[in-house]
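A.B. asks: One structure, as structure tokens, below. Some questions next.
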Amino acid sequence: MTEVLALDPQQPDPAGIARAAAVLRAGGLVAFPTETVYGLGAHAMDPDAVRRIFAAKRRPAEDPLIVHVHDASLVGQLAAAVPPIVDVLAARFWPGPLTIVLRRASAVPLEVTAGLDTVAVRIPAHPIARALINAAGVPVAAPSANLFSRPSPTRAAHVLEDLDGRIDMVIDGGATTVGVESTVIDLTTSPPGILRPGAITLEMIRGLLPDVCLRPSRTDESHSGGMKSPGLLSRHYSPRAALTLYEGLASEVVARMSADAAEAVARGSRVGIIIADEDAAPSPSDSLRVIQLGRERDYDALAANLYHALRSLDTAEVDLILIRHFGDSSGLSTAIHDRLTRAAAGRIVRVP
Ligand code: TXA
Ligand code: MG
């Protein structure tokens with residue numbers, strides 16, 4: 001059985017936190033909210049506990065985990081070397097949605113890093129995550145708390161959808177605020193590269209690290225050519241239904257989506273459409289679900305609502321999801337576009 005522990009996201013009850021921390025220290029699995037998505041935590045220095053994460057998620061062993069700590073002074077225990085730029089980035093962006101890849105210290109089990117000589121480290125900002133990691137007193141390895149290939153969870157109910165009975169505990173701290181996973185930056189290469197865009201944007205990092213670049217994203221699933229960040233595989237963010245991304249001028253895109261949806265419904269399919277609040281929504285029916293994700297330029301809201309929308313369409317058992325493109329490649333819209341491109345796995349319609 002998975003115990004559900006409800007805690008106040010701003011002021012979590014210390015007794016509850018202590019109980020969850022004891023589960024972690026004993027080698028158990030605890031899902032908890034971070035500001036990005038829910039993580040599935042385990043004692044990072046306990047190889048058996050870390051193996052349990054992979055088993056619970058059905059995650060391939062070659063996909064490395066992020067190690068979460070409470071304070072930047074602890075990074076030196078995880079990394080073989082901490083270049084000065086880490087302090088600069090930490091002072092600006094930690095605690096927060098930034099993950100930094102460094103050379104691995106030998107103390108970090110290879111189970112955590114999937115055999116790599118690098119380790120990914122993050123200090124989350126969510127009060128529950130901070131209290132839990134602090135109380136555990138050990139580094140906490142935590143991938144997103146979903147089954148492999150499902151959208152990341154942004155609510156405790158999403159965690160239970162995927163992992164009920166497979167983990168010891170989930171702390172319910174309500175919906176997460178950011179809604180997409182942390183930015184991952186690799187400082188072991190020159191120039192440093194952003195492996196996964198997130199709420200700490202390229203523009204923000206560039207102010208401190210002018211030569212940082214966005215690594216070209218991969219959309220194939222082959223492991224050839226060196227898998228730099230395996231979480232960048234397309235299947236990572238996929239709902240069960242086939243998702244198609246529509247790009248182009250909003251009004252034309254939405255008209256085309258509505259027409260395609262009507263055609264698919266006429267053929268007997270169940271369809272979900274995801275558009276912006278401003279868009280002209282087609283009339284919903286039993287076979288046609290319509291979700292208005294947020295204002296078209298409100299990237300914070302769009303990101304916060306995205307995975308819940310994808311999961312709710314899966315729950316409604318649609319066969320197809322049609323979603324419009326959002327954003328202008330600035331700020332968080334880069335991360336939204338990145339996740340949608342991967343979920344689409346090549347199913348992209350450019351209008352006209
Ligand atoms: O926001 C987040 O980052 C959430 C919360 C729970 O912290 N965690 C998360 O973990 O999204 P996960 O495992 O779903 O994604 C971790 C990403 C993957 O793309 C993985 O390949 C990459 O980080 N990663 C981990 N260790 C790495 C390493 N040593 N080198 C390169 N990429 C690494
Ligand atoms: Mg994940």
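A.B. asks: Give the peptides 327-338, 298-309, 274-285, 125-136 in descending order of average Cβ contacts within 10 Å, highest first. Present the calculation step by step, with values, prior to reporting the outcome.
C.D. replies: Details: 327-338: 18.2, 298-309: 21.2, 274-285: 15.9, 125-136: 23.1.
For the peptides 327-338, 298-309, 274-285, 125-136, the packing ranking is 125-136, 298-309, 327-338, 274-285.
A.B. asks: Would you mind working out the magnitude of the charge dipole of the chain relative to its Cα centre, with +1 at each Lys and Arg C-beta and -1 at each Asp and Glu C-beta, to the nearest 20 Debye?
C.D. replies: 600 debye
A.B. asks: A follow-up question, please. Counting Lys and Arg as +1 and Asp and Glu as -1, what is the net charge of the other residues whose Cβ lies under 13 Å from the Cβ of ALA42?
C.D. replies: Details: positive: ARG25, ARG51, ARG52, LYS57, ARG59, ARG166; negative: ASP46, ASP48, GLU111, ASP168.
Local charge sum for ALA42: +2.
A.B. asks: What three numbers, in Å, describe the spread of the alpha carbons of the range 242-351 along their principal axes, ordered from the longest?
C.D. replies: 39, 28, 26 Å, listed from the longest principal axis down.
A.B. asks: Before anything else, pin down the relative contact order of the chain: Cα pairs under 8 Å, at least 6 apart, normalised by residue count, whole percent.
C.D. replies: Value for the chain: 19 percent.
A.B. asks: Taking the dipole about the Cα centre of the chain, with the C-beta of Lys and Arg at +1 and of Asp and Glu at -1, give me whichever of ILE133, VAL82, HIS337 is farthest to the positive side.
C.D. replies: In the chain, that residue is VAL82.
A.B. asks: For the chain, what Kirkwood radius comes out of the mean inverse Cα-Cα distance, in Å?
C.D. replies: Here the Kirkwood hydrodynamic radius works out to 20.6 Å.
A.B. asks: Starting from the amide H of THR244, placed 1.01 Å from N in the peptide plane, find each other amide H under 5 Å away whose residue is 5 or more places distant or on another chain.
C.D. replies: Under 5 Å from the amide H of THR244 lie the amide H atoms of ILE321, LEU322, ILE323, each far enough along the sequence or on another chain.
A.B. asks: Then there's this: Using a 1.4 angstrom probe on heavy atoms only, work out the carbon and sulfur share of the accessible area of the range 242-351 in %.
C.D. replies: Within the range 242-351, the accessible surface is 48 percent carbon and sulfur.
A.B. asks: Leaving ligands, DNA and RNA out of it, work out the accessible area of ASP87 with a 1.4 Å probe and give it in Å² to the nearest 10.
C.D. replies: 100 Å²
A.B. asks: Follow-up. Report, for the chain, the % of DSSP beta bridges that are antiparallel, rounded to 5.
C.D. replies: Antiparallel bridges make up about 35 percent of those DSSP assigns within the chain.
A.B. asks: Show me 63-74, 103-114 ranked by packing, highest mean number of other Cβ atoms within 10 Å first. Let's see the in-between values first.
C.D. replies: On the way: 63-74: 20.3, 103-114: 17.8.
Highest mean packing first, the order is 63-74, 103-114.
The values are calculated or read from the model by the stated rules, or taken from the named source; none is laboratory data. Quick caveat, the model's predicted, so the values are computed rather than measured. Cβ coordinates were reconstructed from backbone atoms using ideal geometry, including for glycine residues, and neighbour counts include every protein chain displayed. For the accessible areas, the whole protein counts, side chains as well, though only heavy atoms, and no ligand, DNA or RNA atoms are used. Shrake-Rupley method; radii C 1.70, N 1.55, O 1.52, S 1.80 Å.
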